[in-house]
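**Q** Structure below; questions to follow.
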Number of protein chains: 4
Amino acid sequence: MHPRRPFVKTRRLDSFILCSVTPNKTPGTPRRNDRSRRAILDAARELVAEKGYAKLTIEAIAARAGVGKQTIYRWWPSKGAVLLDSVLALSQNGEGEGAEQAITLPDTGDVEADLKALMRATAAEFSDPSFEAPIRALNSEIANDPDLAAVYAEQVAAPVEEAKRERLRSARRAGQIAADTDLDLFLDMLYSPLYQRWLLRSGELTPQYTDRLVEAVLRAFPPAK
Amino acid sequence: MHPRRPFVKTRRLDSFILCSVTPNKTPGTPRRNDRSRRAILDAARELVAEKGYAKLTIEAIAARAGVGKQTIYRWWPSKGAVLLDSVLALSQNGEGEGAEQAITLPDTGDVEADLKALMRATAAEFSDPSFEAPIRALNSEIANDPDLAAVYAEQVAAPVEEAKRERLRSARRAGQIAADTDLDLFLDMLYSPLYQRWLLRSGELTPQYTDRLVEAVLRAFPPAK
Amino acid sequence: MHPRRPFVKTRRLDSFILCSVTPNKTPGTPRRNDRSRRAILDAARELVAEKGYAKLTIEAIAARAGVGKQTIYRWWPSKGAVLLDSVLALSQNGEGEGAEQAITLPDTGDVEADLKALMRATAAEFSDPSFEAPIRALNSEIANDPDLAAVYAEQVAAPVEEAKRERLRSARRAGQIAADTDLDLFLDMLYSPLYQRWLLRSGELTPQYTDRLVEAVLRAFPPAK
Amino acid sequence: MHPRRPFVKTRRLDSFILCSVTPNKTPGTPRRNDRSRRAILDAARELVAEKGYAKLTIEAIAARAGVGKQTIYRWWPSKGAVLLDSVLALSQNGEGEGAEQAITLPDTGDVEADLKALMRATAAEFSDPSFEAPIRALNSEIANDPDLAAVYAEQVAAPVEEAKRERLRSARRAGQIAADTDLDLFLDMLYSPLYQRWLLRSGELTPQYTDRLVEAVLRAFPPAK
DNA sequence: GCGTAAGCGAGACGGTACGTCACGTCTTAAC
DNA sequence: GTTAAGACGTGACGTACCGTCTCGCTTACGC
């Protein structure tokens, strides 16, 4: 989307949905107005929340941000890209200016407890109305735009996935899950049902549900006795 | 969407994606031109496949179907509804004219073998390019339009879900899975990972993947020894 | 610009600038909203007079006319074409619905008196502020758009020119100007100086000026003694 | 437009369209890049000839001239002013650097012959395609922008008009035209028809036409016998 | 001979208007 | 008597330029 200078520092994550990376004013070329950039991302998020993604228009974003349309088209290739960035920006507001972060998940030594906490937090995040609309929208875009999907996968999903895998490796080392556990399959089974329920509104995301899900997944990858 | 008279007959399903129901010329009421209806649904499907859902327009459907726009607006409330119907129509072409069907899944007595076959078939169906575009599109609509989601859930998902549950009940009776298995959780864990991978393009849908998925899910619900 | 059905009737002209022809609802094809058409032409004329041609925009015309932009683009190929039509419509408002007219000029038998009156009237017309702006604008368009120039020449200029020539033929028959007078040259010498002064604002259009102009031109084509 | 120091020298004109004056680097004040100035004027002329005046943009001029937009806005108040200067520059390329010239017209003693030659040359100049587009454009601007019209009148038209009048005074002294000839009216009648034909494309500019025009105008102002 | 202020290229910015597309409603000619 | 055809008001699209505004840079004075 635009040049990024990866300056990594560590950050602890408490849920799973996403987290990422602000662009970084590459000191060389593009003299970009950061006030406008922020205003655009804020406006996009607000408008999605207010009107829904279907009624989100570039013109409305520009108007609310007090910005020319061209300033949006100059820096983002599509409405979906703006939305992606606006969600990214949201996920790290207040963070150290322009720094990438490595992500780690809590590790108390008890994988079941940790995963249950994580899943409950994730479910809560899904229910937060200020996340609901933009992420649902972003999801639609990603499902239909392979380019955006690739950016999302690289910028957003990959680091989070790696953090999840790292936590499971720790559990595997501790003998809490099978030594030959396929971490990706484990994560799919853990995470997809939650995501799917939310996306298709096919059921409530209760703590009971997530707890039982964690238990079932752990049963599927039992350590050798 | 429009009045339906459920006239049920039985049909065997070999995969999971969907299956349903054409509206039924309720003999009394609306003098509806079935030639037009078919032309519209065909045109919608073709156009989604050709251009993608984002570029699907009512005007293009009407033009290709050789139909006035009004004829579409008269019978469907939204683009998503046309698409839903067009996918439904596709899923049962060649079937007995205008009849609803009860659905059953294969039951050889070996639940693992049956589920592996089912999941492989489902994965194959996801890869069929003539299903790919419209279903992906339909999915976006459903994720963002709760009304459509409700119709989908009732008309499409419910009967399939019931068939899946029925097959699992049979397995439970046969002692192949735990007596206290939560069937919905079982199905979520089985089905969501596949669906999710496809939707977000986050991985290949290989037979190896589906087989290992089935095995893992079965391990999570072991019958009492 | 659009189909016209020429249904001619006679009309007396008292000045030279222009006069022409409304389009005629060709009964066949285009079901055109005449209320919109009129509103557009009126709005165009008003806006040119208010803001000047340089600041005349299609959007402003559409807005003032209470009409969609597309309705303008549907029927006129360019801003200049709208303007031409709007001036044409103006030149014959109140005239018999949709009828073309043949034009005749006053003929008292005294060519000098008639031409002086005609030139004074024309000069007065040029000074009318409600003609000033649109005609000046139209002129620029014509000077730079050969297509529009052709329409103008055919629809507007030709009938007026013919009427002028006819008046001069009458004078020639009456022995008031030379028998071998080149009518086109005569008219160029009579009319261009007036037009030029107005267009380039290079001098006042006083009755003295037009009178002396008429006298000089008549001196250039004296009848044989 | 910008400061000029009039340093006059004499120049013989052979036609009527225009002639004038380059600005002059007033040695004290503005450190102006003459290479840029020339590049801008050249670019403007080329682009008008290539694309037409309607599609001439400041951005395109700047781009072709390899110049920042601000450099244009710094020195010219409007597109029309650039165009005027570019035409002026054209009319005296090769002339002595930065010098104004007094203009004289050929005077062989035979006013009819001289005027015929002059009008033929002028007509030829109008037909030169490299003059056609920019002058036509300039004309539109002048017709719609009184400020520009004033600059044009003062810088371009006035000296030429004076030269024309001077030639006619000579003819009047020589008794070739009437002693009480209104020189401005004479020039209007001589010049406007030619200009008008060209501007509105209402007829060819042949030598026959200009010759007959000269003859007719001379007939209108006969010397006393 | 060395800052220093100007002119300069580049181009981002807030805007306005463009000409096009599709929407959903409506009217009409013709089958 | 329904339907295809398509005009209509509406509103968003993505693009082109506008005229203003920084940016670094170079360039030529004036101290």
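The values are calculated or read from the model by the stated rules, or taken from the named source; none is laboratory data. Just so it is clear, the structure is predicted and the values come from calculations on it, not from any experiment. Using ideal geometry, Cβ is built from the backbone for each residue, glycine included, and neighbour counts are taken over all protein chains shown. The protein model used for the area step is the full one, side chains on, heavy atoms only, and it has no ligands, DNA or RNA in it. Shrake-Rupley method; radii C 1.70, N 1.55, O 1.52, S 1.80 Å.
**Q** Add +1 for every Lys or Arg and -1 for every Asp or Glu among the other residues with Cβ under 12 Å from the Cβ of B:Leu185, and state the total.
**A** Result for the local shell: -2.
**Q** Further question on the same structure: Filter C:Lys55/D:Lys69; A:Lys55/D:Lys79; B:Lys51/D:Lys51; A:Lys79/B:Lys79; C:Lys164/C:Lys225; A:Lys225/B:Lys164 down to the pairs with a C-alpha to C-alpha distance above 29 Å, please.
**A** Check vs 29 Å cut-off fails for A:Lys55/D:Lys79; B:Lys51/D:Lys51; A:Lys225/B:Lys164.
**Q** Note down the net charge around B:Tyr209, summing +1 for each Lys or Arg and -1 for each Asp or Glu among other residues with Cβ under 13 Å from its Cβ.
**A** Net local charge, B:Tyr209 excluded: -2.
**Q** Which net charge results for the neighbourhood of C:Ala137, defined as the other residues with beta-carbon distances under 11 angstrom from its beta-carbon, given Lys and Arg at +1 and Asp and Glu at -1?
**A** +3
**Q** Rounded, prolate or oblate: which fits the range A:137-218, taking a ≥ b ≥ c as square roots of the Cα gyration tensor eigenvalues, rounded meaning a/c under 1.5, else prolate when a/b beats b/c?
**A** Oblate, since a/c reaches 1.5 and b/c is not below a/b.
**Q** Points 7 angstrom from Cα along the Cβ direction at A:Ser130 and C:Ala157: gap in nanometres?
**A** Roughly 6.8 nm, to one decimal.
**Q** Could you state the number of Å between the C-alpha centres of the range D:117-155 and the range A:137-161?
**A** Rounded to whole Å, the Cα centres lie 60 Å apart.
**Q** If you don't mind, there's one more thing I want to ask. Got a sec? What order do D:Trp75, A:Trp198 fall in by accessible area at 1.4 Å, biggest, i.e. largest, first?
**A** From most accessible down to least: D:Trp75, A:Trp198.
**Q** Which value in nm describes the separation of the simple spin-label points at D:Glu166 and C:Asp211, placed 7 Å from the Cα toward the beta carbon?
**A** 3.5 nm
**Q** Based on alpha-carbon centroids, what's the gap between the range B:181-225 and the range C:175-210 in Å, whole number please?
**A** The range B:181-225 and the range C:175-210 have Cα centres separated by 94 Å.
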